[in-house]
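The values are calculated or read from the model by the stated rules, or taken from the named source; none is laboratory data. Because the structure is predicted, anything quoted here is derived from the model rather than measured. Please note: Cβ atoms are built from the backbone with ideal geometry, for glycine as well, and neighbour counts cover all protein chains shown.
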Amino acid sequence: MNPLSDSEQALPPTEDTAGLALPAGEDGVVADTASGPEILTFGCRLNTWESEVMRNHAQGLGETADGGSDVIIVNTCAVTGEAERQARQAIRRAHRRNPDARIVVTGCAAQID
């Protein structure tokens, strides 16, 4: 089941949604690393909001001694095939960048694929 209504479309990940101003990273992916796990967000307004909720719940989770994190959360989107492709690419890139990190994949693309 798609959480978006017929009139709602996937937004570019850099859009400020519900007062959330998350910085755009590589390939326009919203990456939030303020505290706790790194969170990569793809897709719609709902995903941006859910990523903020996850960040608030996971603050301090998996932090390493150097202040980094060994947890990466990828919040995926399945509205378009391109969003799914970008999410899979980001997962592979995150694993190459930090092979010891625990990568948590969530969101609608993770539920259908």
**OP:** Being at pLDDT below 90 and buried (at least 17 other Cβ atoms within 10 Å of the Cβ) is the filter here, so list the residues in the range 79-109 that pass it.
**Re:** Val79, Ala83
**OP:** Report, ordered by the first and then the second residue, all pairs with beta carbons closer than 6 Å, sequence separation of six or more or different chains, a first member in the range 83-99 that is closer than 22 Å to Ile112 by Cβ and in contact (Cβ under 8 Å) with a residue 12 or more places away in the chain, and a second member that is in a helix (DSSP H, G or I) and not charged (D, E, K, R).
**Re:** Glu84/Ala109; Ala87/Ala109
Original post:
at positive phi, in a loop (DSSP other than H, G, I, E, B), modelled with pLDDT under 60 and loosely packed, with under 15 Cβ neighbours inside 10 Å, is that true of Gly60?
Top reply: no
Original post:
Do we find a residue being assigned to a strand (DSSP E or B) and either at pLDDT 85 or above or among the polar types (S, T, N, Q) (or both) anywhere in the range 23-35?
Top reply: no
Original post:
Of all residues in the range 36-52 being in a helix (DSSP H, G or I) and not β-branched (Val, Ile, Thr), which is farthest from Ala78 (Cα to Cα)?
Top reply: Glu52
